[in-house]
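Notes for the one structure printed next.
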Amino acid sequence: MLAVKGWDVKLLGEYLEHALQFERMAAEESDPKLKAAMESQAKAYRMMAAKRAKMLGLPEPSPPEQ
């Protein structure tokens, strides 16, 4: 069994927080290119969070709110 370290879980939380920040910024952005870039960045952070959760044997994080 994989030993979960505190920093592993902290990193997972940080990935999700960054994803939420980019999602919020994208929701308020009027420039389509910048909005798409922010949405892409949020997606990347969510993918990293999902990968970290899987590595730790935790459930996959919830999808973003629509």
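The values are calculated or read from the model by the stated rules, or taken from the named source; none is laboratory data. Because the structure is predicted, anything quoted here is derived from the model rather than measured. Cβ: placed from backbone, ideal geometry, glycine included. Neighbour counts: every protein chain shown.
Pairing each residue of segment 6-31 that is under 18 Å from E60 (Cβ atoms) with any residue that is outside any helix (DSSP H, G or I), provided the two are 6+ apart or on different chains, yields C-beta distances under 7 Å for L16/P61; E23/P64. Quick check on Q41: is it touching a Phe, Trp or Tyr at 6+ places or on another chain (Cβ under 7 Å) and in a helix (DSSP H, G or I)? It is true that Q41 is touching a Phe, Trp or Tyr at 6+ places or on another chain (Cβ under 7 Å) and in a helix (DSSP H, G or I). Of all the residues in segment 2-30, those that are at pLDDT 80 or above, exposed (fewer than 12 other Cβ atoms within 10 Å of the Cβ) and over 19 Å from P64 (Cβ atoms) number 2. Residues that are surrounded by fewer than 17 Cβ atoms within 10 Å (Cβ to Cβ), among the small types (G, A, S) and at pLDDT below 95 were ranked within segment 31-66; the one that is nearest to the chain's Cα centre (by Cα) is S62.
Count of segment 32-43 residues, restricted to those that are hydrophobic (A, V, I, L, M, F, W, C) and in contact (Cβ under 8 Å) with a residue 12 or more places away in the chain, is 2.
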